[in-house]
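Just so you know, all these numbers are worked out from the coordinates, no wet-lab data involved. All figures in this text were calculated on a predicted structure; none of them were measured in a lab. Cβ placement follows ideal geometry from the backbone for every residue including glycine, while neighbour counts extend to all protein chains displayed.
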Amino acid sequence: MRYYLDTNILIFLLFDKNSDDNLDKNTLEILADYENMFYTSSVAICELFHLYKSGDFKTSKYKNPAEVFNTIDNIGIVIKSATKEHLKYYSELNAVEGHKDPNDHLIISQAISDKMPVISSDRKFKLYEKQGLQLVFNKR
């Protein structure tokens, strides 16, 4: 099966934060299944680099964002840029009250457009299931 990974899931995977506190049993099983394919939005990568560069992650695992990028590539996560079709869904997405994050909106739109479930710990993503989002909610 194919899955989109939200930014928070990438953080847990890449920064050794995949303890029982961050990834639930269901999510760990999905991530461990070698038959699954994983994708992420280029927007999630930009968010990840921004957080890294701003110093929000204290890690000695990576010396710079390029090393983070290489790890993403080496573990086989496919980075998908926004296409015209994704932007069409983005233009039609009804933002729920209290959720103004345009990056999340684009990630959600990509997942809906590509008919792929997204794995996320963000509770606000649940509010988009009525608009077609398939969500694997990671209970933290």
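Things worth noting here:
- With 0.36 nm allotted per residue and the present C-alpha distance subtracted, the Lys115-Ala66 stretch has 14.7 nm of extension available.
- From most to least packed by mean Cβ count within 10 Å, the peptides 2-15, 125-138 give 2-15, 125-138.
- Counting only Cβ charges, +1 for Lys and Arg and -1 for Asp and Glu, the dipole size of the chain around its Cα centre is about 220 debye.
- For the chain, relative contact order (Cα pairs under 8 Å, six or more residues apart, normalised by length) works out to 33 percent.
- When Glu29, Glu97 are arranged by Cβ crowding within 10 Å, least crowded first, meaning fewest neighbours, the order is Glu97, Glu29.
- Degrees between helix 102-113 axis and first principal axis of the chain (Cα, 0 to 90, nearest 10): 70 degrees
- Length gained when the stretch Asn94-Arg140 is fully extended (0.36 nm per residue, less Cα-Cα span): 13.9 nm
- Between helix 65-74 and the chain: long-axis angle, C-alpha atoms, 0 to 90°, nearest 10: 80 degrees
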